Amino acid sequence: MLHVADLLAGRGEVVAADVEAEQVGALAAFLASRLPADAARVETVVVSRDGPLPFAPGSFHGVLVEAPSSETGILRRRPEACDRLRAADVRAFAEAERALLTRALPLVRPGGRLVYAVRSVEPEEGEGLVASFAAEHPGLRLAPGVDVLPSIADDGGFAAVLQVR
């Protein structure tokens, strides 16, 4: 968020939204303490878990969906989670992630980008999900995704860019 706001150099606005009011409050406080004066304006918004988002269709040049996931990319830091994670959980997260992408897509104007990121290394939440999502929406062009496998020093995850035509 800080990096994007800094890159815009005061020429735009960044909107951060989450369903958890506590998360939004913490982010707003963090940004207030660290955002350079010449950075783009950043607005934080609490949104409902379901239903329409409080933004007009085509409002944004870019939307980042950093989706809740199974977090298999960070199991090196949370090995106890292995005992709780089931295949059905991965499927449930993939369905929720697809719903978030579906909800976010109308907000991106033609020529804009929908960026999807998860802290999971499961294909159902990564490459498989965005490939099928792009196939279902002919107005999207999928750039190659990035899979980062976890290592002793780093977390893993997946990110992809969908260009709206």
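The values are calculated or read from the model by the stated rules, or taken from the named source; none is laboratory data. This structure is a prediction, so every number in the text was calculated from the model and none was measured. As a convention, Cβ positions derive from the backbone with ideal geometry for all residues, glycine included, and neighbour counts pool all protein chains shown. These accessible areas exclude ligands, DNA and RNA; they are computed on the full protein's heavy atoms, side chains included. Shrake-Rupley method; radii C 1.70, N 1.55, O 1.52, S 1.80 Å.
Percent of accessible area on the chain owned by carbon and sulfur, 1.4 Å probe?
Working: 5610 of 9700 Å².
Within the chain, the accessible surface is 58 percent carbon and sulfur.
From the P(r) of the range 60-122, can you give the percent of Cα pairs sitting at distances over 13 Å? Mind showing how you got there, number by number?
Numbers: 1253 of 1953 pairs.
The calculated P(r) of the range 60-122 puts 64 percent of pairs beyond 13 Å.
Starting from 0.36 nm per residue, how many nanometres of slack lie between H3 and F30 once their C-alpha separation is accounted for? Could you put the intermediate results ahead of the total?
Numbers: separation 27, 0.36 × 27 = 9.72 nm, distance 1.33 nm.
Taking 0.36 nm per residue and subtracting the Cα distance, the gain is 8.4 nm.
DSSP beta bridges in the chain, what fraction antiparallel, as a percent rounded to 5?
Working: 12 of 24 bridges.
Once the DSSP bridges in the chain are tallied, antiparallel ones form about 50 percent.
Apply 1/(1 + (r/R0)^6) to the Cβ-Cβ distance of V146 and R78, taking R0 = 25 Å, and write down the FRET efficiency to the nearest 0.05.
Working: r = 22 Å, r/R0 = 0.88.
So, using R0 = 25 Å, E works out to roughly 0.70.
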- Ordered by packing density, taken as the mean number of other Cβ atoms within 10 Å over each peptide's residues, highest first, how do 30-41, 13-24 rank? 13-24, 30-41
- Task: With label points built 7 Å along Cα→Cβ from the Cα atoms of V19 and E95, find their separation and express it in nm.
- Result: 1.3
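Going highest first, how would you order 148-157, 56-65 by mean Cβ packing within 10 Å? It would help to have the intermediate numbers written out before the result.
Working: 148-157: 13.3, 56-65: 15.5.
Final packing ranking: 56-65, 148-157.
Over the Cα atoms of the range 109-165, Rg to Rh with Kirkwood Rh, two decimal places?
Working: Rg = 12.2 Å, Rh = 11.7 Å.
My calculation puts Rg/Rh at 1.04.
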- Item | Where the Cα pairs of the chain fall when distances are cut into 5 Å bins, in % | 2, 8, 15, 18, 20, 18, 12, 5, 1, 0
- Item | Accessible area per residue, Å², the range 40-84 with all protein chains present, probe 1.4 Å | 63
- Quick one: P(r) of the range 1-67 from all Cα-Cα pairs, 5 Å bins, percents rounded to integers, in order of increasing distance. 3, 16, 26, 26, 19, 8, 2
- Query: Roughly speaking, what is the centre-to-centre gap between the range 134-165 and the range 46-112 when only Cα atoms are used, to the nearest Å?
  - Reply: 13
- What value, in deg cm²/dmol to 500, does the helix sum -39500 (n - 2.57) over DSSP H runs of n ≥ 4 give at 222 nm once divided by the residues of the chain? -9500 deg cm²/dmol
